[in-house]
Structure formats: structure tokens, C-alpha cells
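The values are calculated or read from the model by the stated rules, or taken from the named source; none is laboratory data. What you see is a predicted model; the values in this text were computed from it and never measured. Quick reminder, even Gly has a Cβ in these numbers, built from the backbone with ideal geometry, and neighbours come from all protein chains shown.
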Amino acid sequence: MSLRITRAIEDIAVATCQAAFPEEGCGLLIGPIPEDFDRPGRTLEVDEARPLPNGWDASAKTNRYLIDPKILARVEGELSGTGRGVVGFFHSHPQVPAWPSPFDLTMAMPCCSYWIIEIRDGKMKDSRSWQRTEDGRSFVEEEIVLEG
Amino acid sequence: MSIEIRLPTALRAFADKQERISVEAKTVGEALDQLFSKHDRLRQQLMSADGKLRSFVNVYVNDDDARDKQGLATIVKEGDTILIVPAIAGGSATAEAELTKAELARYDRHLIMPEVGPEGQKKLKNASVLCVGAGGLGSPLALYLAAAGVGRIGIVDFDTVDESNLQRQIIHDTQSVGTSKLVSAKKRLLALNPFISVETHEMRLTSANAVELFSKYDVIADGTDNFATRYLVNDACVLTGKPNAYGSIFRFEGQLAVFGLKDGPCYRCLYPEPPPPGLVPSCSEAGVLGVLPGVIGTMQAIEALKLILGIGRPLSGRLMLYDALEQSWRTLKVKKNPACPVCSEHPTITAPIDYEAFCGLKEKTVTIPEISVNDLKKKLDAKENFVLLDVREPHEYEIAKITGSTLIPLGKLPERFTEVDKSAKVIVHCKMGGRSAKAVQFLIEKGYDATNVTGGINAWSESIDPSVPQY
């Protein structure tokens, strides 16, 4: 099971999260929708990272992120019928390990990859990707494969 | 009605990989029911066990959020599109944020003390304190909490900075006079420490909002200046299980305590009832030494830090009294009241009450006895024994008067009311009945038997004696 990304995609996501520090950065991961998207351990090819503003209110952006559903709906509309879709999300944990929090779990969608980037003192320290189980009770870590 | 439902990428796997699904429905709820009846795995993803849409599921009808319309009851018509869009959110809230290098440098004098250390400083960073009021006590309190590195400081206030505040409210400055206290305080706190977050709540703390607000913070610090809010803060702290680092000031004296700890007393254990309204003047009436809130507010900050760090002995079960003129501190023991209406095992108050009424601050509604001009005429004709009091101004009296009346203008009544025979029935009139109603209320409070003439001399002119001019 893996999340396959290019170095250029990693650079975009990491730069977004470093720039957002000490707040959380976030964005969409876009790519072809796999046939077995809902299978635990499927492989996901991401061909685009699209940074988005953290839509959470100013009070808690250091430990919360929100992607505006209107923006998500617009991007899904753009991709409609192309075989590509929003297949995952990235966000940062400033000064906190890249493990999903209970809140991450409560809010997570199935199938998708949740790529969490740990930022320490403004720099990436670690990054891990997770897929939620269908029953919504846990996340399973997946390998991040850097290509190109 | 044929309605199209569109699914986001993440959910299509649960609907045979379809992006668009047509259903026949009249409302959003019907459409979703149909969708779920065909695709049960989708229902499990989007609906909670009690049959409600999960909180992160947004439903749009064309471009409008269904919640802004009638929710699931929103009517849909032929050709409408229903979009299901998840709110993608998350974050690291539950894991404790580590200290950054810049923070390690800033808090060095804390870190080298074993009682605080990196672990304690991390506790401060991940803690939250709500300051009730950005005034005399709130100023040093919030400043020291910010400097000490309390990660989230909330302030609730609704006032603007007045020049007369600056003698003691050192979080504000001359430039901020006339602007919001919250804006001024937040600016100052973030200038002092950019590593913290400051949440401002511009509102009057009320029974309706206190419990919800308090539940978002670890410690509440009461820096209010009135009894109604003080009882509200106390009760809401007990109800939410939050400790209250309490302080209060008056002229040259201050009080300090921690209320609401599990085994400790609350403010009501100490003072079950507020003093009668008006008995204890406020700082704006009686004055306060400018430095005094600096002493007490700073002590509140110390108690708040101790509570967060879990060090020392909290000032619970004790009330400290400070006298600036004597430069003395006294500590009184305060016991938990086993019959306390809020914090005992069998409380009678289980939700915030009406504190204005509890503290006697609501204007009492007094029914003003009224008499019509016709009945007044009958009494005059029958030569009944009463005083007819006119509370208009002398120049009005020149224009028109009812024969036999006594003139005492309303403004002069408080000093001249004793001229009126207390044993007699008093009937009061003015031009239209407004001023005389106030006079009647005043006289009743002074023990008189007073009645108001409905409609005043104008009604008299209208119905009884047209020769009296109307003006």
C-alpha cells in the first residue's frame, strides 16, 4: 500500500506547510481514481498537489485546518468526467508528530490518503501518509514512494 | 422530479463508482433516502447511528448550502443538482505541541526551574485561560499569562477604552482610547508574545453563553466588577467543572481565592447571597487605587499558572484579603458549604439563572394607580379631601391650571415632597400623564397614597373644561 508522489509534488506540499508555520498548511492531492480506491492498501498515484488556504477561523489555525467545501466542490467539478479526482489531502502538524489525531479520524473520508507533514521550528521533520479504514475506527499507515 | 446527486471522488467507490446518480424526489431528504436505499455502504459513511447526517457532510442544492435553506426538508425541483461535499478538516489538537527553539530561548528562566522545566512549559503552551474582563484585573493578568507562555488566552469584554481606565488598565494605552478593549488588549498581548494565540469574545457574558464559552478553556479568571457577573462566573465554573482564579478590588482593598476546585468551596459557599443593590459601590462610584489591580490581577495569574502546572498549593479553601494602606495580607479559611445551591452534592441550581434578578438589579415594576379626569371631576365636585398636585413647570402653570391644585415641579419634588400632607390622598397630574407617573412612583416609595391623572391637564381640557387652554 502506498502513496506515490513526485519530488516536485513533495516540494509544493512541504513549502506550503513551512510557509504556513506556526499555523497548519493544507491542500488537495489530485490524480487518477484507482479502480480499487476503496481497497485497504491500494496504490495511489498523485500527479498534482494543490495548496489551499487554511479555512479554519483565526483562533485555532495552529492546531486545526479546514478546506472550504465550496473550493473542493469547484475542483471536483473541474475534474468531473476526466477519470481524475481529489484522491487525498495533505496538512501539517506544527511541532507535533505526523500521526493522525482523534479529530483527524472523526473528520476523515474513506479511501483517500491523508498525508501529514510534521513541521518543527518551520522545517519539515517527518511526513507520513494514512488511509482511513472503511469502518472509520482507525487509520492505517501507507508507504510514501517518491518518484522522479 | 428527476434530481441529480453528485458524489465526491472519495465516496464514489461506495456507489458503484458513479459520480452522478439520478433519483426521483421532492426534498433533499427524500433524494438522500433513495440514494442510500440503493447504496447502503454510502449510508454508513454519511449517516450517524441515530440517522442524522454526519457533521462534516455538506449538502448543496445547486450552489446553496442546504443548511441555509430548510436542511433535509429543502424542496428540490426538476433539474436540480444535489452536491455532497465533505468538509475536509483535521489537525493536531489532541497531541501536545512541542516547544519551538524560539520558545525554548524565550522561556529559559522557566525551563531552568525543575518545578516548571520543559514539561511544565509545554503544559503552559497547551493550556488555555479565559480572562473575564479586560479591565483593571484583566490587564496584568492577561499580560503575565501571555508573557509566561500560556498558549491560548481568551478575553471576554464588550467595552471600549475610556480615558479614565488608563489610571490602572495597563494593557491599554492612550492611543487606544475610544477603541475596542479587546482589539487593544489583543494587539498588546501579541506584541509581547507572538507565540501565543489570543481569542477575543466581544459580548456580554450571560446565562445563555457562559457555559458554552467556559467549556472551551482550562482555567477561568474572574476579573469582573459587578456581583451579577461574579455569581454567573462562579456558577458557570462549577457547572463546567472549571477552576476560577478569582480576584476583586475596592478602593484600597483586594480579595483573592481559587473557587470551584472539586473538593474546595465556590464563591456561593462564601457569599450565598449578593449584597443589596447599591450597598456596595462599584469602582466607578467609589474609586480604586490604580496599582491595586496590579497586585491582585498578578496574584490571579500566579494561581492560574499553579493550576496549569499542578505545582504548589492552590488558594482553595482560603480567602486572601489585601489592604494596601496597612500593607497587610490576611488569610481566612473558607469551608465548602454542604448545602451550597451550586457545588454541593444535591445542588438546586443546575443551570445558570437570571443574575440581574438574583442581585436585585432589575427595575421593579410598580403599578401606578390611575384615575380618569371624569373621576377626578366627581371627587372635586364632591369636595372629597385630597391634595391635587401639579408637577409641571411654573411657565406651564401660567398657561393652564386646574383650580385648587398645588404646584411642585417634578425636579423639585425630591426636596419639597414633605410639603405634601402625608396623611392625605394625593392625586398628581402634569400635561399628559408622563411626568406625574414618575412623581406618583416617587411618592409611593416615600410612603404616600398617590394616584396619577390619566392624560393630564390636556385630557381635563378635552373632556371636562374646554376653557382650560391646551398647549
Exercise. Under the condition of being away from every other protein chain (no Cβ under 12 Å) and either buried (at least 21 other Cβ atoms within 10 Å of the Cβ) or not hydrophobic (A, V, I, L, M, F, W, C) (or both), which residue from the range B:40-58 is farthest from residue A:103 (Cα to Cα)?
Worked result: B:40
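Could you please give the count of residues in the range A:109-129 that are within 13 Å of the chain's Cα centre (by Cα), buried (at least 23 other Cβ atoms within 10 Å of the Cβ) and more than 7 Å from chain B (Cβ to nearest Cβ)? I'd like the intermediate steps shown before the answer.
We begin by selecting, within the range A:109-129, every residue within 13 Å of the chain's Cα centre (by Cα); these are A:109-118, A:127-129.
Retained after the next criterion (residues that are buried (at least 23 other Cβ atoms within 10 Å of the Cβ)): A:111-117, A:129.
With more than 7 Å from chain B (Cβ to nearest Cβ) added as a condition, the list becomes A:113-117, A:129.
Residues that pass the stated criteria total 6.
Check the range B:116-123 and report whether any residue there is more than 10 Å from every other protein chain (Cβ to nearest Cβ), touching a residue at least 24 places away in the same chain (Cβ under 8 Å) and closer than 30 Å to residue B:14 by Cβ.
Just the residues of the range B:116-123 that are more than 10 Å from every other protein chain (Cβ to nearest Cβ), to begin with: B:116-121, B:123.
Filter once more, keeping what is touching a residue at least 24 places away in the same chain (Cβ under 8 Å): B:116, B:120-121, B:123.
Next, only the ones that are closer than 30 Å to residue B:14 by Cβ stay: none.
The answer is no; no qualifying residue exists.
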Exercise. Looking at the range B:136-153, which of its residues are modelled with pLDDT of 95 or more and part of a loop (DSSP other than H, G, I, E, B)?
Worked result: B:136, B:137, B:149, B:150
Problem set entry | When residues of the range B:196-239 are limited to those that are within 20 Å of residue A:62 (Cα to Cα) and of a type in the set (S, T, N, Q), the one surrounded by the fewest Cβ atoms within 10 Å (Cβ to Cβ) | B:215
For this session: Identify the residue in the range B:65-112 that is of a type in the set (Lys, Arg) and closer than 21 Å to residue B:146 by Cβ and, among all such residues, is surrounded by the fewest Cβ atoms within 10 Å (Cβ to Cβ).
Result: B:109
Exercise. Can residue B:161 be described as β-branched (Val, Ile, Thr) and either within 25 Å of residue B:243 (Cα to Cα) or in contact with a strand residue (DSSP E or B) (Cβ under 6 Å, 6 or more places away or on another chain) (or both)?
Worked result: no
For this session: Confirm whether residue B:199 is touching a Gly at 6+ places or on another chain (Cβ under 8 Å) and of a type in the set (D, E, K, R).
Result: yes
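Kindly provide the set of residues from the range B:438-453 that are surrounded by 20 or more Cβ atoms within 10 Å (Cβ to Cβ) and either within 17 Å of residue B:471 (Cβ to Cβ) or out of contact with any Leu (no Cβ under 7 Å at 6 or more places or on another chain) (or both), ordered by number. Lay out the reasoning, then the answer.
Of the residues in the range B:438-453, the ones surrounded by 20 or more Cβ atoms within 10 Å (Cβ to Cβ) are B:439-440, B:443, B:448, B:450-453.
Within the range B:438-453, B:440, B:443, B:448, B:451, B:452, B:453 meet the criteria.
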Seminar exercise, completed: The condition from (1) at pLDDT 90 or above; (2) over 30 Å from residue A:52 (Cβ atoms); (3) not assigned by TED's automatic domain parsing to the domain that holds residue B:180 that residue B:116 misses is numbered (3)
Seminar exercise, completed: Condition set crowded, with 22+ Cβ neighbours inside 10 Å and modelled with pLDDT of 85 or more, scope the range A:51-63, selection farthest from the other protein chains (Cβ to nearest Cβ): answer is A:54
Problem set entry | When residues of the range B:364-380 are limited to those that are assigned to a helix (DSSP H, G or I) and touching a residue at least 12 places away in the same chain (Cβ under 8 Å), the one nearest to the chain's Cα centre (by Cα) | B:373
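Determine whether residue B:383 is part of a loop (DSSP other than H, G, I, E, B), among the charged types (D, E, K, R) and either surrounded by fewer than 13 Cβ atoms within 10 Å (Cβ to Cβ) or in contact with a His (Cβ under 6 Å, 6 or more places away or on another chain) (or both).
yes
Restricting to the range B:411-432, what's the tally of residues that are within 36 Å of the chain's Cα centre (by Cα) and closer than 14 Å to residue B:390 by Cβ? Step through it out loud before you land on a result.
Going residue by residue through the range B:411-432, those that are within 36 Å of the chain's Cα centre (by Cα) are B:411, B:414.
From what is left, the residues that are closer than 14 Å to residue B:390 by Cβ are B:411.
Residues meeting the conditions: 1.
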For this session: Please tell me if residue A:16 is at the interface with chain B (Cβ under 7 Å from one of its Cβ atoms), crowded, with 19+ Cβ neighbours inside 10 Å and farther than 14 Å from residue B:88 by Cα.
Result: no
Exercise. With (1) buried (at least 24 other Cβ atoms within 10 Å of the Cβ); (2) more than 10 Å from chain B (Cβ to nearest Cβ) as the list, and residue A:82 as the residue in question, which single condition is left unmet?
Worked result: (1)
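Within the range B:17-28, does at least one residue satisfy the condition of being within 14 Å of chain A (Cβ to nearest Cβ) and of a type in the set (A, V, I, L, M)?
Step one: filter the range B:17-28 for residues within 14 Å of chain A (Cβ to nearest Cβ), giving B:17-21.
When the remaining residues are screened for being of a type in the set (A, V, I, L, M), the result is B:21.
Yes, the range B:17-28 contains at least one residue that is within 14 Å of chain A (Cβ to nearest Cβ) and of a type in the set (A, V, I, L, M).
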Exercise. Could we say that residue B:90 is within 30 Å of residue B:202 (Cβ to Cβ) and touching a His at 6+ places or on another chain (Cβ under 9 Å) here?
Worked result: yes
Exercise. Quick check: anything in the range A:135-144 under 30 Å from residue B:196 (Cα atoms) and either surrounded by 20 or more Cβ atoms within 10 Å (Cβ to Cβ) or at pLDDT 90 or above (or both)?
Worked result: no
